Amino acid sequence: MEYFADLHVHIGQAKNQPVKITASRRLTLHNIYDHCINKKGIDIVGIVDCASPFVLEEIREQLENEEIIPLPGGGVRYKDKLTIIFGAEIETTEVKGAAHSIAFFPSYEQIKDFSRIMSEYITNIRLSTQKASLCAKDLFKIVKSLGGELIPAHVFTPFKSFYGSCYDRLSYAFEDELDKIISVELGLSADTDFADTIRELATKSFLTNSDAHSLEKIAREYNKMELEFPDFKNVISALKGHENNYIVSNYGLDPKLGKYHRTFCPACNYVAHETSPVEKCPNCDNEGITLGVFDRIALIADFSTPIHPENRPLYHYQVPLEFIPGIGKKTLEKLILNFGSEMNVIHYVDRAQLTEVVGEQIATNIILAREGKLSFKAGGGGIYGKVID
Ligand SMILES: [Zn+2]
Ligand SMILES: [Zn+2]
């Protein structure tokens, strides 16, 4: 069966205590469950702040009340509609800079052990994505020894990522362990065409996740997976690529819509649009620029045009409904009320039905987005790109 999975969602608070400071306080376990099921239409969610003792405590209570049921292959099930995978995003200390990775574990016991071990490396384990005083390779060994998997997160973003701010190659970070990394998360502003210009990624699967810091942003990027059963074991098998378990397609923003697509000059607010990479501001000559994902990849690529491995899934440019011209909060609510979830609106509802509810213009825009026919103005410097009306 096919499932929609978003494996990078943050928690704002648990046990009335802050967890991820920069995330919305409305991101609680229960709100995430309900939002995935009733608004987004997500079937599998990876929650990446589960090593916080406050979150662990809530998970323990929910297991005790049998609100969430452990699955034999790992992960837990809520209302028999949503699979939850326990994860923790960790910031490691690299030779130059810091990088984010997500550790995923099959069970509550394992992530609890992980939390205990990591508290030796992290000053405040209660807060999420705190800097740990160890490198990615050592983190990888800890995660593996507990039966987990480590996925390098948003690998190209200019801040706190392996390619974006630490290394020209993942192999410099993981060395001989790189072969055992099964997957990397592309992150906003990068797609399969970008990533497949780097040779060492040819054997890795790609994940497109939302990195949601608010309920609304859940599923702005996601993966469609064919799975025998929606549990931890089958999801990992899909990341490795298998006959019965595999990623069918990635759904992500057009890289141009990402906040860090092109190089940005903080001195004069210039966003680069040149076809070749820019290393200093073409407008004011400032060298203290924020290198965009496009520009960074162009600098470190092995191939000038992407070489896709045979089994690479299709990457579909996905326009979140809130980006589509004419769709405000009210219209979005109306769409979900009528069609059940955002996934249904984005993927399945036909033009006639859409027109009946939101009129012809918006219906046309939704269909154009589905077919990848909207045009965009590039983003950069922390400002999202725009759909051109
Ligand atoms: Zn991160
Ligand atoms: Zn994150």
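Might you check whether a residue that is polar (S, T, N, Q) and part of a helix (DSSP H, G or I) occurs anywhere in segment 97-107?
So far as segment 97-107 goes, no, none of its residues is polar (S, T, N, Q) and part of a helix (DSSP H, G or I).
Are there any pairs, at least 6 apart or on different chains, whose C-beta atoms fall under 6 Å, with the first in segment 321-339 and modelled with pLDDT under 95 and the second surrounded by fewer than 18 Cβ atoms within 10 Å (Cβ to Cβ) and in a loop (DSSP other than H, G, I, E, B), and if so, which?
Hits for this filter: Pro325/Asp389.
Determine which member of the set Leu134, Leu150, Leu188, Leu178 is assigned by TED's automatic domain parsing to the domain that holds Gly12 and in a helix (DSSP H, G or I).
Leu178
Which members of segment 40-59 meet the condition of being away from ligand 1 (no atom under 16 Å from the Cβ) and outside any loop (DSSP other than H, G, I, E, B)?
Matches in segment 40-59: Lys40, Ile44, Val45, Pro53, Phe54, Val55, Leu56, Glu57, Glu58, Ile59.
From the residues in segment 238-281 that are among the β-branched types (Val, Ile, Thr) and touching a residue at least 40 places away in the same chain (Cβ under 8 Å), which one is surrounded by the most Cβ atoms within 10 Å (Cβ to Cβ)?
Thr263
So for segment 57-71 (the condition being touching a residue at least 24 places away in the same chain (Cβ under 8 Å), among the aliphatic types (A, V, I, L, M) and within 16 Å of ligand 2 (Cβ to nearest atom)), does at least one residue qualify?
Within segment 57-71, not a single residue is touching a residue at least 24 places away in the same chain (Cβ under 8 Å), among the aliphatic types (A, V, I, L, M) and within 16 Å of ligand 2 (Cβ to nearest atom).
Ala99 fails exactly one of the following numbered conditions: (1) within 16 Å of ligand 1 (Cβ to nearest atom); (2) under 28 Å from Glu200 (Cβ atoms); (3) of a type in the set (A, V, I, L, M, F, W, C); (4) modelled with pLDDT under 95. What is the number of that condition?
Failing condition for Ala99: (4).
Taking only pairs six or more apart or across chains, which ones have beta-carbon atoms under 7 Å, a first residue in segment 153-182 that is on the phi > 0 side of the Ramachandran plot, and a second residue that is more than 16 Å from ligand 2 (Cβ to nearest atom)?
Sorted first by the residue in segment 153-182, then by its partner, the pairs are Glu175/Lys137.
Could you list, in sequence order, the residues of segment 191-229 that are farther than 23 Å from Glu177 by Cα, of a type in the set (D, E, K, R) and more than 16 Å from ligand 1 (Cβ to nearest atom)?
Asp191, Asp193, Glu216, Lys224, Glu226, Glu228
Within the set of pairs 6 or more residues apart or between chains, which connect a residue that is outside any loop (DSSP other than H, G, I, E, B) inside segment 4-15 to a residue that is among the small types (Gly, Ala, Ser) and away from ligand 2 (no atom under 16 Å from the Cβ) with Cβ atoms less than 9 Å apart?
Here the result reads Phe4/Gly41; Ala5/Ala238, each pair linking segment 4-15 to a residue that is among the small types (Gly, Ala, Ser) and away from ligand 2 (no atom under 16 Å from the Cβ).
Residue by residue, here is whether (1) under 25 Å from Phe323 (Cβ atoms); (2) not hydroxyl-bearing (Ser, Thr, Tyr) holds:
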{"site": "Ser189", "(1), (2)": "yes, no"}
{"site": "Asp193", "(1), (2)": "yes, yes"}
{"site": "Ala219", "(1), (2)": "yes, yes"}
{"site": "Met225", "(1), (2)": "yes, yes"}
{"site": "Phe229", "(1), (2)": "no, yes"}
{"site": "Val235", "(1), (2)": "no, yes"}
{"site": "Leu239", "(1), (2)": "no, yes"}
{"site": "Gly258", "(1), (2)": "yes, yes"}
{"site": "His261", "(1), (2)": "yes, yes"}
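Give the number of residues within segment 31-46 that are surrounded by fewer than 24 Cβ atoms within 10 Å (Cβ to Cβ) and either under 19 Å from Ala153 (Cα atoms) or in contact with an Asp or Glu (Cβ under 7 Å, 6 or more places away or on another chain) (or both).
2
Which members of segment 112-135 meet the condition of being under 26 Å from Gly258 (Cα atoms) and buried (at least 20 other Cβ atoms within 10 Å of the Cβ)?
Residues satisfying the conditions are Ser128, Thr129.
Looking at segment 91-107, I want the residues that are free of Cβ contacts under 8 Å to residues at least 40 places away in the same chain and assigned by TED's automatic domain parsing to the domain that holds Asn234 and have a partner that is within 11 Å of ligand 1 (Cβ to nearest atom) and not polar (S, T, N, Q) with Cβ atoms under 8 Å, at least 6 apart or on another chain. Which pairs are those?
Note: no pairs meet the criteria.
Assess whether Glu120 counts as being of a type in the set (Asp, Glu) and within 16 Å of ligand 1 (Cβ to nearest atom).
No; evaluated as a whole, the condition is false for this residue.
Can you name every residue in segment 13-48 that is modelled with pLDDT under 95, within 14 Å of ligand 2 (Cβ to nearest atom) and of a type outside the set (A, V, I, L, M)?
Lys20, Thr22, Ser24
Sort out which residues of segment 320-370 are over 11 Å from Lys40 (Cα atoms), among the acidic types (Asp, Glu) and within 25 Å of the chain's Cα centre (by Cα), and write them in order of number.
Glu322, Glu333
Would you check if Ile142 is within 13 Å of ligand 1 (Cβ to nearest atom) and modelled with pLDDT of 95 or more?
no
The values are calculated or read from the model by the stated rules, or taken from the named source; none is laboratory data. Computed from a prediction, not measured in an experiment: that's the story for all the values here. Backbone-built Cβ (ideal geometry, glycine too); neighbour counts: all protein chains shown.
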